[in-house]
Amino acid sequence: MPSIGRPTVALLGQPNCGKTTLFNALTGFRNRTVNYPGATVEWAIGPLRASLGLDADLVDLPGLTSLVPRSPDEAVTVRSLFGQADHERPAAVVVVVDSSQLSRHLYVARQALDAGLPVVVAATMGDLLARRGLALSVADLQRRLGCPVDAIDARTGDGIDGLVRLIRGVLEAPPPNAPRPVAAVLADGVLASYREIESMERDCLTPVPLPGLHLGGAAPDVDVFTARIDRWLLHPVCGLFIFGLVMVGLFASVFLLARPLMDLIDGLFAASAAWIVALSPDSLLVRLLGDGIVRGVGAVLVFLPQIVVLFLGIGFLEDSGYLARAAVLVDRPLAAIGLNGRSFVPLLSGFACAIPGMLAARTVSDRRERLLTIFVMPLMSCSARLPVYALLLAFLTPNDRPWIGGLALAALYLCSVASGAIVAGLVSRLLPRTGPSRFMLELPVYRAPRLGSILTATVDRSRHYLVKAGVPIVVISAALWLLCNLPVASTAGLSPGESRARQLEASYAGRAGKCIEPLMEPLGLDWRVGGSMVAAFAAREAFVGALAVILTVSSGDPGSRESLLLSMRAATRADGTPLFTTAATVGLVVFFVFALQCLSTLAVSAREAGSWLMPLVQLVSFTGFAYAAAFLVVTGLRAAGVD
Amino acid sequence: MESSGRPGRPASLAEAPVGFRGTIRDVAGDAGTCLALLELGFTPGQRVVLVAVAPFGDPVAVSLRGTVIALRQGEARCVRL
């Protein structure tokens, strides 16, 4: 929240008006996101750059097409402008208008002026206007609107100093009367407003003869370049084909680019954990630090490369303007299962981590569709499932046919998408819709993506993973380590490997694993896998580490997957038959595809939905279904003679 | 591209073929949807171009007031030409 005594300046405007670019130019990327108390509205706030010479906090409000709110989240944003709901009223409101579509954007500016807000208008996208052979007269717009106006280009910094001077003028002027929120609008009011704005537009836009550009004739009302690209990208056949290519490319780059970095982080943390433990191998505290905490941090950070690469890709597609087209392409199929084209980007983020995905679902304006998007999010195959898949598929794949593993992984991703679609369709049929579903999405002009804004968005989204998922994972893995090592068992006279196994069997975690053994039996598994699955509820990837500890491979080389595979093959049940049969391992994979095993996801789901009902239903139905599906697969495979 | 079978002009944006250029006559239908369309700038007298139709015929992309806005069929049906 803004500090006392320092004025707050709010940025207001339609979606895609260039608000965030201006925000970054004014704050120099120094900002943090704040959550509006009690609501799922989040905005960025930061102090103006010191070199601009104005001491004020700038708030980047979510884009609005009207000051008459249409959703609870929009209502929160609008209320904040008028100083209601115990939030300080902004001392100045900068309305950002895209001058290449002046009339639509002046609509919000007019509403803000009519409401009596202290407005400064910042006109952006002058370059797009010039491409159509038009120029904006700032003096005329200022005269017609009756408020200060500046033309800016936040990409180059042109006009920023002038804008800051105008903001200072508003801040230093005697405070105006308290603004009045806009009452409900009627169709006649909208029409009258647009008539007036159109006459302003005629006054303020003048043709500029540009050499070599369509001399004479009416200015085109569409960006010609964008229309030409859209003819292909929205084409019923080519459009879908390109969409498929883009998605395959996105996921392929996640796997190919992130792999070396992940190996590096993995090795680094395994080595430092081993180094710490070697300092004093007998001290419980040192082992907690090394094996519990350092390894726990490593388990979180190892996914960061994948998450960052996926979000970089999403940011690139978003900033270029393609994601809006992708939302259009998939709106019809998503609408059929009760979702919305706007659910697409959140669900795509869910393939990195469900938590940033659920937070991104705030852009789905319809509450029912937003809750449904959050509901199916845990079914999207998040990156924490990958190490489990990697281990189990490596176990199942014959050495001479490595392509089977790749094919199986692709099938698991398809399975994740299909199960999400089926669940969304079922739930939306069970819960009847109350209001009409709307789409109405602006398709912004294609532009070269800007590195700065892609990086800020990526850092922001990845931070959600690190903070909201990471902290609990570290805490839980430390707690889990304690549960695996307390109470201390007597291991005198045993080899290191045997003593670790004995310790684990006697520990609280081992006892818990034995408690759920009756549940594991139908899946063809025993308490050792059960204990690892208990660990996986802290974080899915913890399964691999826990299994390694339980199967006592950690004595020699804790990081190596080969040694874990060998001990998986060697592990036997009490009667001497192999523990990891093909049927049981396939069943385990199936369980991980559907089960909701992430406490952080449940917590975020509860917060976003506003109650614990949703996460409880998610936990019980997804995990219950996962168990039933795994049981059916194991029984079916055994009946078919595969064991 | 020619309008499918229908002689004369399409009645609403939902029936307009790709490349269609025309003028909005009025906006009629569900009150909330109409108001949202008006506030987005779909006002009577405004010139529109149907830029593209997504796979499965829905949504449609319409150019007006210097930008392109995608509407679902149900919303496009409210914009009468």
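When peptides A:530-540, A:184-194 are sorted by average Cβ neighbour count within 10 Å, with the highest value leading, the order is A:530-540, A:184-194. For region A:225-230, putting each phi into the Karplus relation 6.51 cos²θ - 1.76 cosθ + 1.60 with θ = phi - 60° gives couplings of 4, 5, 4, 5, 5, 5 Hz, in residue order, rounded to whole numbers and with x for Gly and Pro. The calculated 222 nm mean residue ellipticity attributable to helices in the protein assembly as shown amounts to -16500 deg cm²/dmol, summing -39500 (n - 2.57) over DSSP H runs of n ≥ 4 and dividing by all residues. Of all DSSP bridge pairs formed entirely within chain A, close to 40 percent run antiparallel. At the residue level, A:Leu579 shows approximately 0 square angstrom of accessible surface with a 1.4 angstrom probe and all protein chains present.
Just the number, please: Stokes-Einstein D of region B:21-80 in µm²/s, Kirkwood Rh from C-alpha pairs, 10 °C, 1.306 mPa s. Mind showing how you got there, number by number?
Working: Rh = 11.4 Å.
Answer from the Stokes-Einstein relation: 139 µm²/s.
Relative to the longest principal axis of the Cα atoms of chain A, helix A:187-204 runs at roughly 70 degrees.
Placing a label point 7 Å from the Cα of A:Ala448 along the Cα-to-Cβ line, the residues of region A:114-144 whose backbone N sits under 15 Å from it are A:127-128.
Can you tell me the order of A:398-405, B:56-63 when each peptide is scored by its average per-residue count of other Cβ atoms within 10 angstrom, highest first?
On the way: A:398-405: 9.8, B:56-63: 21.2.
Going by the mean number of other Cβ atoms within 10 Å, highest first, we get B:56-63, A:398-405.
Could you compute the FRET efficiency for A:Ile422 and A:Ala628, with r as their C-beta to C-beta distance and R0 at 22 Å, rounded to 0.05?
Details: r = 15 Å, r/R0 = 0.66.
Taking R0 as 22 Å, the efficiency between A:Ile422 and A:Ala628 is 0.90.
Using 0.36 nm per residue and subtracting the Cα-Cα separation, the extra length available between A:Thr635 and A:Ala192 on full extension is 152.5 nm.
A:Leu616 sits with roughly 100 Å² accessible to a 1.4 Å probe, with DNA, RNA and ligands left out of the calculation.
Can you give the FRET efficiency to the nearest 0.05 for A:Val286 and A:Asp263, using r as the Cβ-Cβ distance and R₀ = 25 Å? Taking R0 as 25 Å, the efficiency between A:Val286 and A:Asp263 is 0.40.
Per-residue SASA remark: A:Leu486, around 60 Å² accessible (1.4 Å probe; ligands, DNA and RNA not included). Annotation for A:Ala75 and A:Leu486: the two label points, set 7 Å from Cα along the Cα-Cβ direction, are 4.8 nm apart. Label sites at A:Asp127 and A:Ile229, each approximated as a point 7 angstrom past Cα along Cα to Cβ, lie 1.3 nm apart.
When ligands, DNA and RNA are left out and all protein chains stay put, how many square angstrom of accessible area per residue does chain A have with a 1.4 Å probe?
Numbers: 27410 Å² over 643 residues.
With all protein chains present, chain A gives 43 Å² per residue.
The order of the peptides A:279-289, A:339-349 by mean Cβ neighbours within 10 Å, most packed first, is A:339-349, A:279-289. Projected label points at A:Asn399 and A:Ala278, each 7 Å from Cα along the beta carbon direction, are separated by 3.0 nanometres.
Across region A:290-306, computed HN-Hα scalar couplings (Karplus, 6.51 cos²θ - 1.76 cosθ + 1.60, θ = phi - 60°) run x, 6, x, 7, 4, 5, x, 4, x, 5, 7, 5, 5, 8, 4, x, 4 Hz from first to last residue, x flagging Gly and Pro. Phi angles across region A:327-335 convert, under the Karplus curve 6.51 cos²θ - 1.76 cosθ + 1.60 with θ = phi - 60°, into 3J(HN,Hα) values of 4, 5, 4, 9, 4, 4, x, 5, 5 Hz, Gly and Pro given as x.
Return the average number of partner chain Cβ atoms within 10 angstrom of each residue Cβ along peptide A:187-194. Partner Cβ neighbours, averaged per residue: 5.
Show A:Leu129, A:Leu113 ordered by accessible area, largest first, where the area counts protein heavy atoms only and the probe is 1.4 Å. Kindly include the intermediate steps, with their values, before the conclusion.
On the way: A:Leu129 5, A:Leu113 40 Å².
Sorted by accessible area, descending: A:Leu113, A:Leu129.
As a fraction of the 1.4 Å probe accessible area of region A:8-221, surface on carbon and sulfur atoms comes out at 55 percent. For the residues A:Tyr627, A:Tyr446, a 1.4 Å probe over the protein chains yields an accessible-area ranking, largest first, of A:Tyr627, A:Tyr446.
The values are calculated or read from the model by the stated rules, or taken from the named source; none is laboratory data. Owing to the predicted nature of the structure, the values given are computational and were not obtained by experimental measurement. Cβ: placed from backbone, ideal geometry, glycine included. Neighbour counts: every protein chain shown. Keep in mind that these areas ignore ligands, DNA and RNA; they rest on the heavy atoms of the full protein, side chains included. Shrake-Rupley method; radii C 1.70, N 1.55, O 1.52, S 1.80 Å.
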